[in-house]
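Before any comments, here is the structure.
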Amino acid sequence: MAKTNPLQFLQQVRSEASKVTWPTRRETVITTVMVFIMVSFAMVFFFLADTALSYIVSLVLGFGGN
């Protein structure tokens, strides 16, 4: 493995970073909003599933209900 000096390394990093396609502000905002929406759906789903399973287990084991 060839060694490079720090100046050369920084030049290579800068060259590679310039090749990256960065998202626009609009794309970033839309993606962030979509993540929050999906997290909200997952939160509601898992809350309802946990509540239903808890109720069913308490009925089966006999320490829930009336």
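Just so it is clear, none of the values below were taken in a lab; they were calculated from the coordinates. All values derive from a computational prediction rather than experimental measurement.
Axis angle, to the nearest 10 degrees, between helix 25-61 and the longest C-alpha principal axis of the chain: 30 degrees. The value obtained for the chain, namely the Cα convex hull volume divided by the number of residues, is 195 Å³ per residue.
Only DSSP H runs of four or more residues enter the estimate; each adds -39500 (n - 2.57), and after division by the residues of the chain the mean residue ellipticity at 222 nm equals -27000 deg cm²/dmol.
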